[in-house]
Amino acid sequence: MGAFKPIATTRQATGVLTSKLAVWWLLASEIVIFGGILAAYLMHRLAHPEWAEYASHTNEWIGLTNTFVLLTSSLTAVLAHQAAERGAGREAATYLLYTVGGALAFLVIKSFEWYTEISHGYVISSNGFWAFYYTAAGVHASHVIAGAVAMLWVANTARKNQELHRVENVGLYWHFVDIVWIFLFPLLYIAK
């Protein structure tokens with residue numbers, strides 16, 4: 001008898017796998033979360049011109065480096081998806097592990113950045129800018145962690161050439177995490 005597959009992974013009432021629809025619903029809810037954070041930040045930023053001075057203490061080069069790291073990790077997520085479509089599960093798993101490496105690099109760089117800022121007295125309780133900065137970047141970092149954990153799980157099954165459709169699903173989530181950073185980077189680091 002063949003391997004058991006839950007109906008949620010095989011049903012296509014709309015022509016789209018139910019699991020992919022679930023990822024899109026998840027992303028829609030994430031848009032609400034990050035949209036609220038970004039809208040609140042923009043409204044407060046416009047009302048507080050002094051935030052430009054606070055923002056001048058963020059390190060643009062570290063933010064730019066993290067942007068490069070995330071965009072590169074998005075490339076490896078695309079390569080994982082392409083491999084999965086060819087039925088090359090081991091290759092897809094390898095690319096997902098590269099993507100996880102990008103996530104870890106992002107988090108290490110972010111940790112160094114936060115350590116430096118905190119050691120200079122720029123803490124969450126300093127003022128509204130730093131409260132938004134740490135909240136927005138922290139919520140984003142938690143999504144980077146969640147994405148890395150999900151990719152490790154998917155890589156494990158992809159390595160066995162199983163459930164290769166999950167590679168695309170986790171890739172969609174990862175691209176969303178990258179897009180959020182593309183909005184956060186200029187708002188928190190460049191707009192001074």
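Points to keep in mind about this one:
- Qualifying residue in the range 104-123 (condition: closer than 30 Å to residue 42 by Cβ and touching a Phe, Trp or Tyr at 6+ places or on another chain (Cβ under 6 Å)): yes
- There is no residue in the range 70-82 that is on the phi < 0 side of the Ramachandran plot, in contact (Cβ under 8 Å) with a residue 12 or more places away in the chain and not in a helix (DSSP H, G or I).
- Being among the hydrophobic types (A, V, I, L, M, F, W, C) and more than 19 Å from residue 173 (Cα to Cα) is a condition met by at least one residue of the range 76-92.
- Residue within the range 108-130 that is under 24 Å from residue 31 (Cα atoms), part of a helix (DSSP H, G or I) and out of contact with any helix residue (DSSP H, G or I) (no Cβ under 8 Å at 6 or more places or on another chain) present: no
- Scope the range 31-65; condition of a type in the set (A, V, I, L, M, F, W, C) and surrounded by 12 or more Cβ atoms within 10 Å (Cβ to Cβ); matching residues: 31, 33, 34, 37, 38, 40, 42, 51, 52, 55, 62, 64
- Test result for residue 115, farther than 29 Å from residue 171 by Cα, modelled with pLDDT of 95 or more and touching a His at 6+ places or on another chain (Cβ under 9 Å): no
- Only one of 139, 154 that is hydrophobic (A, V, I, L, M, F, W, C), closer than 27 Å to residue 59 by Cβ and at pLDDT 95 or above: 139
- For the range 116-125, the tally of residues that are in contact (Cβ under 8 Å) with a residue 12 or more places away in the chain and surrounded by 12 or more Cβ atoms within 10 Å (Cβ to Cβ) stands at 3.
- Some residue of the range 69-84 being surrounded by 15 or more Cβ atoms within 10 Å (Cβ to Cβ) and modelled with pLDDT under 95: no
- Residue match in the range 96-115 (condition: without any contact (Cβ under 8 Å) to a residue 24 or more places away in the chain, surrounded by 17 or more Cβ atoms within 10 Å (Cβ to Cβ), out of contact with any Lys or Arg (no Cβ under 6 Å at 6 or more places or on another chain) and closer than 28 Å to residue 131 by Cβ): yes
- Any hit, the range 154-167, residues being under 30 Å from residue 46 (Cα atoms), assigned to a helix (DSSP H, G or I) and in contact with a His (Cβ under 6 Å, 6 or more places away or on another chain): no
The values are calculated or read from the model by the stated rules, or taken from the named source; none is laboratory data. As the structure is a prediction and not an experimental result, all values here were calculated from the model. Cβ: placed from backbone, ideal geometry, glycine included. Neighbour counts: every protein chain shown.
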